[in-house]
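What follows is a set of notes on a single structure, which appears directly below.
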Amino acid sequence: MKTTYRETQLPNGLRIAAECASDAASAAVGMFVRTGARDEPRELMGVSHYLEHMMFKGSKDRPAGEVNEAFDRIGARNNAFTSHEMTAYHAHVLPDYFGQSFSLVADLLRPALRVDDFNQEKNVILEEIAMYEDNPFWVVYERALECYFQEHPLSFRVLGTKESVSALTRDQMHEYFSQRYSPSNTILVAAGNIDFDALVEQAKVETAGWISHGIARTYPPLLPHHASFTIENEKATRGYMVLIWPAPHQSDPTRYAAMLCAQIIGDSEGSRLYWSLVETGIAVHASVGYQGRDGVGEFVGSVVCATEDLDEAESIFKEECKKLSASLTEDDLVRARQKIATAVAVAGESPSGRMQRLGTMLASLGTFNPLEAELDRINALTLEDLRVLLKQYPFDPYVVGRVVPPKK
């Protein structure tokens, strides 16, 4: 898909960017807001995710029941997500319905926040929290993040807690919305068969009444914490382990080396951990992922195995981490490059994938980097680059958390 990048900014501060492809058979649009769990006051933990739900309860001109019906009417594939650092709303449609889909997405971002809808949706959020609490892996993952980040806001739970969500009021949510959902904190992105100039003109109309104001994200210092813990969970039928240690932040040039190191040691197939833990039958799952964030980053490892094998699995995991730098080969580098290149290329083949990549990139990095340039950076990496990364960020877990079945 051959694309042309266009970008502009409206007087109200809304940034608009698109990868236009006249030969594409579809079009995608999204609005990415730089707000998430890390931007919440601790007592309002979960408000960003709760607010995402409330966006689909209608605006002052559209009741709740009509939102999804309106998307369905134009055949849209629409969705939304909330993370620690952003909230996004997006739709993928045929080109003829692109203008309508953007109008609907823009309307989502100015919700009515009716009290009755708020009270009703609270029960949905609490049920979602309970559902995740039934997942042993999620339990250990959230606790591990809290141990690692401590007082840093990246320790906050995206869904919030039963206590924080139960105590949240509609007026508190409205105040948070007013503070964070400014056009200056929002990015409109699109990809596929679209008319960029027409999109800009429509955006002027759709956001004409949006009030813009300055927004700042706090960057408290992070002193990664060392900890180990074990939780007994009646939902667990085996052992679950999560390991966390420092990694480059999302704008650090060494992030590409971090991606490859994580791929080499912890990809789902063919990695060091796969051969030493999964293929040997010690674990049913073993992986390492790189998570670059705004200002900080972390590597996250995970293992699922029989409870009695956890000690052995942890020992093998740490040994593989310890010897990674000295054991790297050119073959490791080639295979990791190819896997990442394939994943990036596949995502770039669809307007939806392009739109999501563009929105995430601009919301996190602030600048556009063509897909081809990303692949060039990855392909240019050498073994020495990976070893420099591993010297700066040793694969030595700071936090090791476990969830196991209750003792009989």
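The table below gives the values:
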item: Separation of alpha-carbon centers, region 40-112 and region 315-393, rounded to whole Å; result: 31 Å
item: Relative contact order (percent, whole number), the chain, Cα cutoff 8 Å, 6+ residue spacing; result: 22 percent
item: Calculated over region 185-239: convex hull of Cα atoms, volume per residue (Å³); result: 282 Å³
item: Whole-Hz ³J(HN,Hα) from phi, Karplus 6.51 cos²θ - 1.76 cosθ + 1.60, for region 223-230, glycine and proline x; result: 10, x, 9, 9, 6, 9, 7, 9
item: Dipole magnitude of the chain, debye to nearest 20 (Cβ charges: Lys/Arg +1, Asp/Glu -1, about Cα centre); result: 440 debye
item: Burial ranking of peptide ranges 152-160, 365-373, 327-335 (average Cβ count within 10 Å, highest at the top); result: 152-160, 327-335, 365-373
item: Top positive-direction residue, dipole computed over region 227-404 with Cβ charges, set ALA326, PRO248, MET361; result: MET361
item: Sequence-separation-based contact order of region 84-164, relative, with Cα cut under 8 Å and 6+ spacing, percent; result: 29 percent
item: Trypsin sites (Lys or Arg not before Pro) within region 166-267: DSSP coil, no more than 13 neighbouring Cβ in 10 Å; result: LYS235
item: Test item: Cα-centred dipole of region 4-206, Lys/Arg +1 and Asp/Glu -1 on Cβ, debye; result: 260 debye
item: Low-density loop positions, GluC sites (Glu not before Pro), region 67-124 - DSSP coil, at most 11 other Cβ in 10 Å; result: none
item: Sparse-neighbour loop sites [trypsin sites (Lys or Arg not before Pro); region 277-324; at most 15 other C-beta within 10 Å; DSSP]; result: LYS323
item: Protection proxy ranking, peptides 345-351, 105-111, 260-266, average beta carbon neighbours within 10 Å, highest first; result: 260-266, 105-111, 345-351
item: Cα Rg, Dmax (largest Cα-Cα span) when computed across region 1-88, Å; result: 16.1, 49
item: Under-5 Å amide H pairs with THR230, H placed in peptide plane, nonlocal only; result: ARG402
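Every read-out reported here was derived from the displayed coordinates using simple, explicitly stated rules and does not represent laboratory data. Predicted model, so just to flag it, every value in this text is computed and none were measured. Methodologically, a virtual Cβ is constructed for each residue, glycine included, from the backbone with ideal geometry; neighbour enumeration extends over all protein chains shown.
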